[in-house]
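Read the structure below first, then the notes.
Every number here is computed from the coordinates shown, using simple stated rules; none is lab data. These numbers come from a predicted model, not from an experiment. Backbone-built Cβ (ideal geometry, glycine too); neighbour counts: all protein chains shown.
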Amino acid sequence: MSEDKSKISELSRRGFIKVGATAVTAASMPMFFVKDAWAAKDFRNNPGNAGSVKFGFNVPQTGAYADEGADELRAYKLAVKHINGEGDGGMLNTMKPLSLKGNGILGKKVEYVTGDTQTKSDAARASAKRMIEKDGVVMITGGSSSGVAVAVQGLCQEMGVIFMAGLTHSNDTTGKDKRRYGFRHFFNAYMSGAALGPVLQKEMGTERKAYHLTADYTWGWTQEESIKNTTEALGWQTTAAVRTPVGAGDFSQYITPVLNSGADVLILNHYGKDMINSLTQAVQFGLRDKQVNGKNFEIIVPLFSRLMAQGAGDNIKGILGTTNWHWSLQDEGSKAFVKSFGQEYGFPPSQAAQTTYVQALLYANAVESAGSFYPPEVIKQLEGFKFDGAGNGPTEYRADDHQCFKDVLVVRGNEAPSSQFDILKVEQIVPRSQVEYDAKIFGGELGPYEV
Amino acid sequence: MIVPSIRNDWVIMAIFTAVVLTAPLWLTPVGAGYPDLLQKFAIFGIFAIGFNILFGLTGYLSFGHAVFLGVGSYTAVWSFKLLTMNVLPAVIFATLLAGVFAVVIGYVSLRRSGIYFSILTLAFAQMSYNMAYSVLTPITNGETGLQLTMNDPRILDGPAGQGLPSTTLFGLDMSGYAGFYFCAVMLIIAFFISLRIFRSPFGLKLLAIKSNQTRMKYTGFNTRPYLLTAFVISGMYAGLAGSLMAITDPLAGAERMQWTASGEVVLMTILGGTGTLLGPLFGAGIIKYFENIFSAMNDGRLHEIFSFLPDWLENIVVAITGEFVGDGWHLTLGLLFMIVVIFLPGGVVEGIRRANGFLRRLVQSSGTNTATLAAEKE
Amino acid sequence: MDAILLQILNGLDKGGAYALIALGLTLVFGTLGVVNFAHGALFMLGAFCAVTVQKILTISMKVKDESITFFDAYKEQPYLEIWFGDFGTAIIDWSVPISILLAMPIMLLIGLAMERGLIRHFYKRSHAEQILVTFGLAIVLQEIVKSFFGANPIPSPAPGIVSGSAPIGVLLGLGESVVYPWWRMIYLLFSGAVIFAVFAFLQFTTFGMVVRAGMHDRETVGLLGIDVEHRFTIVFGIAAVVAGLAGVMYAPILPPDYHMGMDFLVLSFVVVVVGGMGSLGGAVAAGFLLGILQSFASMNEVKAIIPGIDQIIIYLVAVIIILVRPRGLMGRKGVMED
């Protein structure tokens, strides 16, 4: 499939015109005219003959996800270094196939601008617009919430600039709200559910009663739905699914009803501060020491993040969840990245850092392969792109919805951590084939290549 | 010879119009001359001017004004989705619906005064925000925000071409500089109306309510209708600003109604100078400038800026200033609030007035007649 | 029945927290006439007293994990444990209660410094300017905390012996499923004790009498030759201590982060105003009332009838109370009404 694709792209219109134009004009015209001739249509922020291009790193620098944003920014800076041929090259040494040569992109040095999303749609879009209108970036990437990802992705589609999403887990990002110009490397709620299923069956059996507490917004709902589908397929019953206001702080009024509900599993569809608070408080209510229906009461946090899990302290010990990536993985790509990142900053990268680092490399690589910054060509390179050596096993950017398909990690809060970073233990690497789904189930439309 | 203060409103308007329309030119050197930020200046300028009609004239501090901004945005986007991508119906419907909301919320909230009034408006706004974020998702699309889609009916526009349509004014695309000039024209109109209100008997009555409502009431004067009118006008300003936000960027999110958004316009107005004509504009400009420009600075940029310094000094300066920009821009904003209010009671406008007074004394003593315009705009 | 009992407990617990936060705010409101938007920041600083104490107590000997090569990972063992064994472990375990001892003087100092350095210059300024300056201060304080501790919440657990649940159902003969966390019950008692102490102080001491007189008529008290200013400084200090203690004790329930003050700010204003301006009793009553109503509104049975009611209940009740009772529950005439 990928070989077919590369053949097609070699025979693409652009390639053809390039060859033809070169043949016709080579004798009489200076080189830059030739380039202009085949650069096809002009497009927004065309770097033209400039010696450098700019990336826009749009991450939360203030607000609840500021630490995650800071880690994303570190990863981006590292990616820029590696693309420009500085440092030890990181995943450039392990990723295959790879067109990048360590001399920037198409010989242009990569520079970057930064902005603060504040984890608010309006602020994120304002920041992205600044990058596009004022700084002239060719690509925007980053973010730590699905609301922001969907908002910025929509904007980038309108403006004709490619968006490589950061940390966003809602099914909608590459489902209902997918866009031609938006790409997501991070996994999603459906994959979390599919990956957790077999593990839950093994650990907790098929006769369980689950109680959901769900953050009352779109991400929470999609996760609740995905996890419910999985657990109900296992034969579990869903006792109740209760929506909790975002940022509720004190969840006691939602936790006490769990005690008498007859449920023996609590599923927390919360992220960030909500997750930390609800988990901490659920443990305080003694849920984990309880016996219900003759079984040990269990708590599940479907989406785990190491940075966030630190905030819950000892309470996460033994709790199951999924994560996109973890620094303790032993494949070549992960090791190369952890090495570069660790030597640069003195601590291991988070999953947010890994996904954003890979996203930056993927974009750069697609441009290099396309031989042009013209977005439709770059998009075509990314669509259906198969690669390995980026830390998640063989991975594919599915053309139908711009979602990356790769292995998913089922993790457990480490009972006996050997260091301050050893918070999560990888329980199982669930192969990609288990978490795949039909792109049609979530609807949505990618929209046109040309805008 | 000293030129007396310009009393003629038309001259003020002419100067104001010229300054606003040339904003892309004189804001470029400070890094703010790009469409999105220019639009934001104009939009939040309108929002703050409108807020000032209520707070500056009557002294009633609404802590929930962002709800009208949100209503305006949602209405505008729905107008794009259902009717047409033309911006005029969006502006009209948004302003009117925000006015209707203002009538309801104002009628209830104005039964109380002082902090009780503030908390009533806050409560309405927070209820709207929380509902829009969760249970009203069918109308507001919740956290993700209300967006245009390919299968919106748009009954007046006919079938859409490829891709999402963009907002237009009879065919003129409302993104980029065209969008800014549309907002700028709205700002000029909004400013003119505000100027007329400040100068009118109605404005004087509002000021009288501010200085002593009890006395007004004892003289047999029913203050409530006047207050409600001011509240509704200022709510409509916010609705207009909200619709402009949707016009320049067709997305409406619930965060626009959160208390922090209401708080922001309060801060803008106080920072610039409560009750002055231009103060709120300055306040809006300063806060939006910090939010968009200071937050985007990183060490790389700082090294560029301070590259004229010797290396060792450059590194020290960058290390220190680095704490105040990028992820530290909140800190700078907080310090600015404190410094302005400690040293300039009356806000930025007071600072300009003082600087102008100083200049004028200087001019007087040197005998030339180059009067500065900064003060006259007041 | 069990469910209702538990929700009453939740409500009381929440109410205790609200009341404690609102108490300090209304002291400053009522006595000094200052709209203090930095009050949430004081609450946050209190919580970070607990974090700091814990960090100090757990200064650790670091043993490098040799299996990790690319960066330094340590297995940490606190010196206290190494030096004192089990006793050291116990001290660390009790870090939150211990930090109360530290928080009281520190918060008092912070409060006094704030009043002397900043707030006192704003007594005669407009409320708008008070809002701007205290909001600016709140931002500055939280950014300073962020630069030291990061943006993520920091776990600060309660002592092991009270970190679980109390089997109150068994004690009351209601069955085993009725349990309630020890720490929350301690919090409830603690907030009750602090509220009582503040009331007793204002009611039964000469100092308190002067302050109460000053709340009613500051000028007259001043004319009597009493140094009101001086006492108001101390009142501000007390308000800071109360807010700080609320923060320390809340840390095990809500792992502290730099933004927690802002999260509670709006809520505490609503509680104070619903209680009525200038009334300490009103603030406490409103805190408990709103806490209990919020708990009940969150019950599935209630949400089934009115979806989303738990999201808005506090504000809805606030609107109704202010409309029915012009000055909140127990507000005094003329305080912050213009």
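Ranked by the mean number of other Cβ atoms within 10 Å of their residues, highest first, the peptides A:121-131, B:296-306, B:326-336 come out as A:121-131, B:326-336, B:296-306. The trypsin sites (Lys or Arg not before Pro) of the stretch C:113-169 meeting both criteria, a DSSP state outside H, G, I, E and B (loop) and at most 13 other C-beta atoms within 10 angstrom of the site's C-beta, are C:K124.
Taking the 0 to 90 degree range and rounding to the nearest ten, how far is the long axis of helix C:228-250 tilted relative to the main principal axis of chain C, both from C-alpha atoms? Compared with the principal axis, the helix lies near 40 degrees. Taking 7 Å steps out from each Cα toward its Cβ at B:Y177 and A:E207 produces label points 7.5 nm apart. Indicate the gyration tensor shape class of the protein assembly as shown (rounded, prolate or oblate), computed on the Cα atoms with a ≥ b ≥ c the square roots of the eigenvalues: a/c under 1.5 is rounded; otherwise a/b larger than b/c is prolate and the rest oblate. It is oblate, given that a/c is not under 1.5 and a/b is not larger than b/c. For B:K210, the lysines whose Cα comes closer than 28 Å to its Cα, not counting residues fewer than 8 places off in the same chain, are B:K377, C:K124, C:K333. Relative contact order for chain B: 29 percent, from Cα pairs under 8 Å spaced at least 6 residues apart, divided by residue count.
Where does the charge balance sit around A:A366 when Lys and Arg score +1, Asp and Glu -1, over other residues with C-beta under 11 Å from its C-beta?
On the way: positive: A:K380; negative: A:E368, A:E377, A:E383.
Counting the neighbours of A:A366, the net charge comes to -2.
The packing ranking, built from the mean of other Cβ atoms within 10 Å per residue, places the peptides A:220-229, B:177-186 in the order A:220-229, B:177-186, highest first.
Assign one of three labels to chain C, namely rounded, prolate or oblate, based on the Cα gyration tensor with a ≥ b ≥ c the square roots of its eigenvalues; rounded applies when a/c is under 1.5, prolate when it is not and a/b is larger than b/c, and oblate otherwise.
Working: a/c = 1.86, a/b = 1.27, b/c = 1.46.
Oblate is the answer for chain C, as a/c is 1.5 or above yet b/c matches or exceeds a/b.
Of all lysines in the structure, the ones whose alpha carbon falls short of 26 Å from that of C:K303, not counting any fewer than 8 places away in one chain, are A:K209, A:K228, A:K273, C:K14.
Classified by the C-alpha gyration tensor, the stretch A:190-323 has a rounded form. Its axis ratio a/c, with a ≥ b ≥ c, is below 1.5. In chain C, Cα pairs under 8 Å separated by at least six residues give a relative contact order of 35 percent.
Among A:R412, B:R215, a tally of other beta-carbon atoms within 10 Å of each Cβ gives an order, fewest to most, of B:R215, A:R412. Taking Cβ atoms as reference points and 12 Å as the exclusive limit, the residues near C:E115 contribute a net charge of +2, counting Lys and Arg as +1 and Asp and Glu as -1. Springs join every pair of Cα atoms under 10 Å in this Gaussian network model of chain C, and among C:L323, C:L137, C:L23 the largest mean-square fluctuation is at C:L323.
With each run of n ≥ 4 DSSP H residues scored as -39500 (n - 2.57), what mean residue ellipticity at 222 nm is computed for chain C after dividing by its residue count and rounding to the nearest 500 deg cm²/dmol?
Numbers: 15 runs with 229 residues, N = 338.
Roughly -22500 deg cm²/dmol at 222 nm, from the helical runs in chain C.
Inter-label distance, A:D42 to B:I92: 3.8 nm, where each label sits 7 Å from its Cα along the C-beta direction.
Considering only the other residues whose Cβ falls under 14 Å of the Cβ of C:F236, what net charge follows from Lys and Arg at +1 and Asp and Glu at -1?
Numbers: positive: C:R116, C:R120, C:R231; negative: C:E115, C:E229.
With Lys, Arg at +1 and Asp, Glu at -1, the neighbours total +1.
Could you tell me which trypsin sites (Lys or Arg not before Pro) in the stretch C:240-338 are loop residues by DSSP with no more than 13 other beta carbons within 10 angstrom of their beta carbon? Listed in order of number, the matching sites are C:K333. Other protein chain C-beta atoms within 10 Å of residue C-beta, averaged over A:271-283: 3.
In chain A, helical runs assigned H by DSSP with n ≥ 4 each contribute -39500 (n - 2.57); averaged across all residues and rounded to the nearest 500, the mean residue ellipticity at 222 nm is -12000 deg cm²/dmol. Highest GNM mean-square fluctuation among B:G56, B:G45, B:G239, for chain B modelled with Cα contacts below 10 Å: B:G56. Comparing Cα centroids, the stretch A:183-231 and the stretch A:409-444 end up 12 angstrom apart. Taking Cα atoms only, the orientation of helix A:13-25 departs from the longest principal axis of chain A by about 20 degrees.
Per-residue shielding of A:417-426, expressed as the average number of other chain Cβ atoms within 10 Å of the residue Cβ, stands at 4. Taking the DSSP beta bridges with both ends in the stretch A:190-323, the antiparallel portion is around 10 percent. Bridgeable lysines around C:K62 (alpha carbons under 20 Å apart, same-chain partners fewer than 8 residues away excluded): C:K75. Given the pairs A:K77/A:K386; A:K134/A:K176; A:K295/A:K317; A:K339/C:K146; A:K339/A:K380; A:K380/A:K440, which span a C-alpha to C-alpha distance of over 22 angstrom in this model? As for pairs spanning more than 22 Å Cα to Cα, those are A:K77/A:K386; A:K134/A:K176; A:K339/C:K146; A:K339/A:K380. Qualifying GluC sites (Glu not before Pro) in the stretch C:60-103, where qualification requires a DSSP coil assignment and no more than 12 other C-beta atoms within 10 Å, comprise C:E66.
Look at the dipole of chain B built from charges on Cβ: of B:V20, B:G273, B:P89, the Cα furthest out on the positive end belongs to B:G273. Across peptide C:313-323, the average count of Cβ atoms from other chains found within 10 Å of a residue's Cβ is 5. Spacing of the modelled spin labels on B:I320 and A:S99, each 7 Å from Cα toward Cβ, amounts to 4.8 nm.
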